[in-house]
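Below: one structure, written as structure tokens.
Coordinate-derived values only; no laboratory data. Just so it is clear, the model here is predicted, and its values are computed rather than measured. For neighbour counting, all protein chains shown are included, and Cβ atoms are generated from backbone atoms with ideal geometry for every residue, glycine included.
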Amino acid sequence: MNGIRGKKILITRAEGNDNSFENAVNSFGASACFIPVIEIKPINDSSLLDEKLSLINDYDGIFFTSSNAVKYFFERLSSSGKKFSGKIFTVGSKTKASVESFGYKVYFAPQVFSSEELADSIDKNEIKGGKYLFPCGNLSSNVLKEKLGLIASIDEVIIYQTVLPETAGEMVREIKNKLEKGEIDCISFFSPSSVENFLKIFPGFKQNNIRIAVIGGTTLKSVKDSGLKADIIPEKSTAESLANAIADYFNKAD
């Protein structure tokens, strides 16, 4: 079955992400096009983060739920001249690999892909009464802090921000034209903010026959709340799983 071949898949991820999703889409014979609808930036004021870093080894452990948090945290930690000696907890293989790229070992990394799943999978007796740091983005879910904060001290600190990028007008016009002409077969969303920003960039967007593929429950909810329909939802919240799910969908429809 070759239903995926020749389909146009719109990727809305931030610039600078790994290209595993694009590579997978292209390997199936589809064609990827891009419009970054979110931008990941460091926070404007790092004074609170620096305060936490000055006392970093007062913490029993650190929770990471995104590779962006890992990147900005360890870059800042390295520039401070300090090292962390406690336990590190992550979601999924990508975030774990990101931690390891900075020379640190991960203590606990279940094959889960969200803050909620990480909170549910941790042995509560192990962390009970401890003090933990949770570096995250300005739009990150607070479910981990809510769940684990009942048994341990969870010190959340925002270390990066997700914003609406200054998308080039020519790119917007080009994608808008493709959407209106029905030249986009599927739009992929990786976060609730990507859905929200897409609709800001393309106000009045009509889904019509365009399929929408999403990662994760919160992104799915954002799509539904926006009055759109999510057609493709992989079981695992990874870029590779999303690409496979898109291929399966179009191949079965062939």
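Compute the long axis of helix 192-201 from its Cα atoms, compare it with the longest principal axis of the Cα atoms of the chain, and write down the angle in degrees, 0 to 90, nearest 10.
The helix 192-201 is inclined about 50 degrees to the chain.
Would you indicate which of (i) 27, 23, 16; (ii) 36, 19, 16; (iii) 30, 19, 16 is the value of semi-axes √(5λ) of the Cα gyration tensor in Å derived from the coordinates of this structure?
The value computed from this structure is option (ii).
If you build a Gaussian network model of the chain, linking Cα atoms that sit under 10 Å apart, which residue out of 196, 174, 183 swings the most?
Between 196, 174, 183, it is 174 that shows the largest mean-square fluctuation.
Could you give the angle, 0 to 90 degrees to the nearest 10, between helix 239-253's Cα long axis and the longest principal axis of the Cα atoms of the chain?
The two axes meet at around 30 degrees.
Kindly provide the helix-only [θ] at 222 nm of the chain, computed as the sum of -39,500 (n - 2.57) over DSSP H runs of four or more divided by all residues, to the nearest 500 deg cm²/dmol? Let's see the in-between values first.
Details: 11 runs with 103 residues, N = 254.
Calculated from helices alone, the mean residue ellipticity at 222 nm is -11500 deg cm²/dmol.
Would you work out the relative contact order for the chain, in percent, from Cα pairs under 8 angstrom that are 6 or more residues apart? Show your work: numbers first, answer last.
Details: 436 pairs, mean separation 61.8, N = 254.
Relative contact order, the chain: 24 percent.
Determine which lysines satisfy two conditions relative to residue 229: a Cα distance under 25 Å, and not lying fewer than 8 residues away in the same chain.
Here the lysines satisfying the reach criterion relative to residue 229 are 7, 8, 176, 178, 181, 200, 206, 221, 252.
Sort the stretch 1-55 into rounded, prolate or oblate with this rule: let a ≥ b ≥ c be the square roots of the eigenvalues of the Cα gyration tensor; rounded if a/c is under 1.5, and if a/c is not under 1.5, prolate when a/b is larger than b/c, oblate otherwise.
prolate
Enter the angle in degrees (range 0 to 90, nearest 10) between the Cα long axis of helix 92-101 and the first principal axis of the Cα atoms of the chain, meaning the one along which they spread out most.
60
Treating only the Cβ atoms of Lys and Arg (+1) and Asp and Glu (-1) as charged, compute the dipole magnitude of the stretch 41-163 about its Cα centre; round to the nearest 20 debye.
Details: 15 positive and 15 negative charges, 61 e Å.
Its charge dipole is roughly 300 debye.
Using r as the Cβ-Cβ distance of residue 80 and residue 173, and R0 as 41 Å, what FRET efficiency do you calculate, to the nearest 0.05? Please list the in-between numbers first.
Details: r = 44 Å, r/R0 = 1.08.
That gives a FRET efficiency of 0.40.
Points 7 angstrom from Cα along the Cβ direction at residue 120 and residue 44: gap in nanometres?
Once both label points are built, they end up 3.8 nm from each other.
By its C-alpha gyration tensor, with a ≥ b ≥ c as the square roots of the eigenvalues, how is the stretch 41-163 shaped: rounded for a/c under 1.5, else prolate for a/b larger than b/c, else oblate? Show your work: numbers first, answer last.
On the way: a/c = 1.32, a/b = 1.28, b/c = 1.03.
Verdict is rounded for the stretch 41-163.
Where in the chain lies the longest segment free of chymotrypsin sites (Phe, Trp or Tyr not before Pro) that are both loop residues by DSSP (not H, G, I, E, B) and have at most 15 other Cβ atoms within 10 Å?
Value returned for the longest uninterrupted segment is 108-254.
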